[in-house]
Amino acid sequence: MNATPDLRFDGRVAIVTGAGRGLGRAHALLLAERGARVVVNDLGGSKEGEGSDAGPANDVVSEIVAAGGMAVADTNNVGSEEGCHALVQTAIREFGRIDIVVNNAGISRWATFPEADAENLELTLDVHLRGTWHTTRAAWPYMEQQGYGRIITTTSTGMLGLSDNLAYATAKGALIGFTRSLAVAAAPKGIRVNCVAPNSVTRPSLSADKPNIVTANQMDAARVQAMQTDLVSPMVAYLAHESCEVNGEILVAGAKRFARWFMGFTPGWLDDGYGVPTIEDVVTHWDEINDESGYYVPTGTYDWGARFMAHLA
Ligand code: NAI
């Protein structure tokens with residue numbers, strides 16, 4: 001039995017970037033189904049970020065409208081600051097406000113060192129990191145003025161160690177720092193900022209050119225079916241809801257599992273002698289430094305500082 005009443009978004013306006021396909025499409029459909037007016041943003045390029053096509057964004061809008069929802073298409077490129085500002089203006093012009101930003105748009109350019117060059121890095125940072133930064137920054141004054149907002153960023157467990165998609169993993173790691181720090185600034189303003197790490201079969205997993213991981217082409221149909229995009233969206237929609245007071249957290253969602261991803265610290269080794277610790281001391285105490293028992297999860301930078309330097313208090 002589900003005791004939670006239906007969570008609705010009536011009166012709310014949401015921007016979902018990269019909503020013409022994959023996960024963004026599923027997020028947009030769910031938010032619209034629950035009453036939100038949705039700006040369906042999508043540039044419509046290739047998975048590597050080349051070209052453009054208004055088709056995907058328009059198709060999702062048609063789908064939402066056919067189901068009785070309200071949505072408008074936006075084909076701005078979130079890889080440029082102007083594109084992000086224009087996208088936010090679409091929401092204001094069409095719907096008069098902005099309550100939710102789901103920063104989801106993404107590209108994938110598989111390469112490691114030394115092949116992963118400056119162009120790869122810049123393009124990847126443009127869409128994932130700068131796109132999130134500029135879209136959120138453009139929406140911020142509206143949220144600040146109304147004393148309310150819900151911002152979702154999209155990271156990836158790829159940042160745990162995806163050597164053959166180095167720029168992607170780098171950008172996704174940066175988004176965690178962005179999310180946690182903006183959440184601190186957002187807290188007193190009625191704004192909440194959280195990060196989702198999805199796990200789903202979408203276009204980027206439908207390619208045969210990735211050397212080290214199993215692609216959707218190689219998965220059996222049942223597994224592909226079990227990793228559909230709409231199995232991620234309930235978490236995104238919850239983080240976008242007014243009842244959600246969670247702030248600065250990373251949530252993992254996919255294949256019907258929902259989990260929290262946190263950053264923990266070992267208590268470590270404290271040198272309580274009088275001298276300056278030596279290199280050899282570090283080696284001698286390596287096991288203690290790495291011992292995960294008694295680990296802690298700081299709520300923020302200052303909390304970490306208070307714990308790490310508790311002996312100086
Ligand atoms: P997808 O390729 O199916 O969808 C991404 C959408 O973003 C596309 O429709 C594309 O046209 C759009 N887009 C790309 N660049 C854009 C730009 N500059 N401006 C506007 N739209 C743009 O990929 P998927 O899997 O749905 O990815 C969505 C997000 O989830 C991405 O940020 C991705 O990195 C992230 N993610 C996905 C995972 C998965 O398991 N599918 C795992 C971890 C993260």
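The values are calculated or read from the model by the stated rules, or taken from the named source; none is laboratory data. Because the structure is a prediction, the values reported are computed rather than measured. Here the Cβ positions follow ideal geometry from the backbone for every residue, glycine too, while neighbour counts run over all protein chains shown. For the accessible areas, the whole protein counts, side chains as well, though only heavy atoms, and no ligand, DNA or RNA atoms are used. Shrake-Rupley method; radii C 1.70, N 1.55, O 1.52, S 1.80 Å.
Do any trypsin sites (Lys or Arg not before Pro) in the range 57-141 lie in a DSSP loop with no more than 15 other beta carbon atoms within 10 Å, and if so, which?
R97
Might you report the magnitude of the Cβ-based charge dipole of the range 1-88 about its Cα centre, with Lys and Arg at +1 and Asp and Glu at -1, to the nearest 20 debye?
360
Within the chain, count lysine pairs with alpha carbon atoms under 23 angstrom apart where the residues are 8 or more positions apart or belong to different chains.
Lysine pairs meeting the criterion: 4.
Place the peptides 275-285, 70-80 in order of packing, highest mean first, counting for every residue the other Cβ atoms within 10 Å and averaging per peptide.
Packing proxy ranking, top to bottom: 70-80, 275-285.
Any chance you could check the Cα centroid distance between the range 12-27 and the range 34-82 for me, in angstrom?
7
Mind checking the per residue accessible area of the range 264-313 for me, 1.4 Å probe, whole number of Å²?
Here the residues of the range 264-313 average 84 Å² of exposed surface.
In Å, the Kirkwood hydrodynamic radius of the chain over pairs of distinct alpha carbons?
20.8
Counting only protein heavy atoms and a 1.4 Å probe, tell me what percentage of the chain's accessible area is made up of carbon and sulfur.
Its accessible area is 55 percent carbon and sulfur atoms.
Quick one: dipole size for the range 13-261, taken about the Cα centre, charges +1 on Lys/Arg Cβ and -1 on Asp/Glu Cβ, in debye to the nearest 20.
Magnitude of the dipole: close to 800 debye.
As an exercise, identify the GluC sites (Glu not before Pro) in the range 109-164 lying in DSSP coil whose Cβ has no more than 13 other Cβ atoms within 10 Å.
Within the range 109-164, the qualifying GluC sites (Glu not before Pro) (loop, at most 13 other Cβ atoms within 10 Å) are E115.
Over 17 Å, how big is the tail of the calculated P(r) for the range 1-91, in percent of all Cα pairs?
More than 17 Å apart: 47 percent of the Cα pairs in the range 1-91.
Going by a ≥ b ≥ c, the root eigenvalues of the Cα gyration tensor, does the range 264-313 fall in the rounded group (a/c under 1.5), the prolate group (a/b larger than b/c) or the oblate group?
The shape class here is oblate.
With charges set only on the Cβ (+1 for Lys and Arg, -1 for Asp and Glu), what does the dipole of the range 264-313 come to about its Cα centre, in debye to the nearest 20?
Here the range 264-313 has a charge dipole of around 280 debye.
Please compute the per residue accessible area over the range 13-261 with all protein chains in place, 1.4 Å probe, rounded to a whole number of Å².
That works out to 42 Å² per residue.
Of all beta bridges DSSP finds with both residues in the range 13-261, what is the antiparallel percent, to the nearest 5?
Taking every DSSP beta bridge within the range 13-261, about 15 percent pair in antiparallel fashion.
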